[in-house]
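Below is one structure, written out as structure tokens; the observations come after it.
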Amino acid sequence: MSAPVLALDDVSIRYPGAPAAAVRNVSFEIGTGETLGIVGESGSGKSTLAAAMMGLLPSGSTVTGGLRFEGRDLFGQMTERELRQLRGRDIATIAQDPFTALNPVMKIGRQLDIFQHWYHDRPRAERKARILKMLEQVRLSDPGVRMQQYPHQLSGGILQRVSIAAALLAEPKLLIADEPTTALDATTEAQILGIMAEAKETLRGATVFITHDMSVVERLCDRIAVLYAGELVETGTVAEVLKDPRHPYTKALLECDPARIEEPTSELPTIGGTVPALDDRPAGCIFEPRCPSAVAHCRAEAPKRHDLGPRQSAACHLVTP
Ligand SMILES: Nc1ncnc2c1ncn2[C@@H]1O[C@H](COP(=O)(O)OP(=O)(O)OP(=O)(O)O)[C@@H](O)[C@H]1O
């Protein structure tokens, strides 16, 4: 991997007043040109990690460990002003809800122009041409008309395309897409995922794609980080982990992926039980209460992370290299 754009080293995050950390001892790196998929059920800490990567945790949150963007610690070394600059220029996001991501009282064309930071010294006509080209790339019909419209005049699917165009125009060093299709219907979701797959060719920085959908990871990501109840249980290349998942939670997620079920069935499989609440975390392995393979030892002691290859690791007592 090239020098990491973002490196997390033993990161734990606790919200103010919370009984325990929402994210515990998470480490991984993302390099230029790489797309990392972060997966896990609801409550596993995906959005908490995304907020931390943007320096947008609620004030009073406690972060321990290192979270470095191009070698600089987001929490130790940067002032609020520097963080704001970073968010505006080097780190872009595609949010779950595109309505909240765009300014309701500014025309789309003007908003997109603001995003293309690196082109502001170019003539206006050149900037406009670049925006039009990008709107075509995200397959928006009538891009010239769209530029004159306000967000409330557009549907969620169209606005999400505008958000993707904004992210591409910004040419960020780090793009964070936080479940960008959650608020959309299935057809629009498929279209947006197709556009994201194409956009991958254009993006030169690193991308973090947050999802609960393994088939999205398979399609769009190079590497995967599987989170469970705030802990990183498995990480590796998508090719390795999806072919040979080693952690029982990763296996269970894959077994529940509708895209992988070969026999027609009226009921989709689910993982029994629920993600433990923050104040009810098991003392041993975090997944033990739901794990079909658990043995007594799993209840007694939390597993360490086992390296399984140059870039794959899993935190499970039952895993052997
Ligand atoms: N602002 C907050 N204040 C206190 N606790 C929070 C806050 N946001 C999230 N949490 C808690 O942190 C834990 C992780 O939540 P988080 O939203 O990061 O998970 P997630 O994997 O993104 O879930 P989802 O897929 O539902 O968005 C949960 O226990 C949640 O209740």
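What follows is calculated from the coordinates using simple rules that are stated; it is not laboratory data. These numbers come from a predicted model, not from an experiment. Note that each Cβ is placed from the backbone with ideal geometry, even for glycine, and that neighbours are counted across all protein chains shown.
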Conditions (1) out of contact with any Cys (no Cβ under 8 Å at 6 or more places or on another chain); (2) within 15 Å of the ligand (Cβ to nearest atom): number failed by VAL233 = (1)
task = Within segment 173-197, track down each residue that is closer than 28 Å to ALA7 by Cβ and exposed (fewer than 14 other Cβ atoms within 10 Å of the Cβ).
result = ALA197
key: For ASP121: the one exception among (1) part of a loop (DSSP other than H, G, I, E, B); (2) surrounded by 20 or more Cβ atoms within 10 Å (Cβ to Cβ); (3) away from the ligand (no atom under 16 Å from the Cβ)   = (2)
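Quick one: would you say THR211 is of a type in the set (S, T, N, Q), within 16 Å of the ligand (Cβ to nearest atom) and surrounded by fewer than 12 Cβ atoms within 10 Å (Cβ to Cβ)? It would help to see each step written out before you state the result.
Numbers: of a type in the set (S, T, N, Q): yes; within 16 Å of the ligand (Cβ to nearest atom): yes; surrounded by fewer than 12 Cβ atoms within 10 Å (Cβ to Cβ): no.
It is false that THR211 is of a type in the set (S, T, N, Q), within 16 Å of the ligand (Cβ to nearest atom) and surrounded by fewer than 12 Cβ atoms within 10 Å (Cβ to Cβ).
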key: Conditions (1) more than 14 Å from the ligand (Cβ to nearest atom); (2) surrounded by fewer than 17 Cβ atoms within 10 Å (Cβ to Cβ); (3) over 22 Å from the mean Cα position of the chain (by Cα); number of the one not met by ASP279   = (1)
Segment 78-102 - residue that is touching a Leu at 6+ places or on another chain (Cβ under 6 Å) and of a type in the set (A, V, I, L, M) and, of those, farthest from LEU159 (Cα to Cα) = ILE91
key: Which listed residue, of GLY17, GLY33, GLY66, GLY43, is within 8 Å of the ligand (Cβ to nearest atom) and either under 25 Å from GLU218 (Cα atoms) or in contact with a Leu (Cβ under 8 Å, 6 or more places away or on another chain) (or both)   = GLY43
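Quick grid of which residues meet (1) free of Cβ contacts under 8 Å to residues at least 24 places away in the same chain; (2) within 16 Å of the ligand (Cβ to nearest atom); (3) under 30 Å from HIS120 (Cβ atoms):
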residue	(1), (2), (3)
ASN25	no, yes, no
GLY37	no, yes, no
MET53	no, yes, yes
GLY60	no, yes, no
GLU70	no, no, yes
VAL105	no, no, yes
GLY109	no, no, yes
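If you scan segment 124-146, which residues turn out to be outside any helix (DSSP H, G or I) and among the acidic types (Asp, Glu)?
Result: ASP142, single match.
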task = Just give me the residues in segment 227-240 being within 16 Å of PRO310 (Cα to Cα) and touching a His at 6+ places or on another chain (Cβ under 9 Å), in sequence order.
result = GLU234
query = Can you find a residue in segment 311-320 that is in contact (Cβ under 8 Å) with a residue 60 or more places away in the chain, over 25 Å from the mean Cα position of the chain (by Cα) and surrounded by 13 or more Cβ atoms within 10 Å (Cβ to Cβ)?
reply = yes
ask   = Taking PHE115 and the conditions (1) hydrophobic (A, V, I, L, M, F, W, C); (2) buried (at least 19 other Cβ atoms within 10 Å of the Cβ); (3) more than 26 Å from THR182 (Cα to Cα), which numbered condition does it fall short on, given that it satisfies the others?
value = (3)
query = In the list THR235, THR207, THR250, which residue meets the criterion of being out of contact with any Phe, Trp or Tyr (no Cβ under 7 Å at 6 or more places or on another chain) and not in a helix (DSSP H, G or I)?
reply = THR207
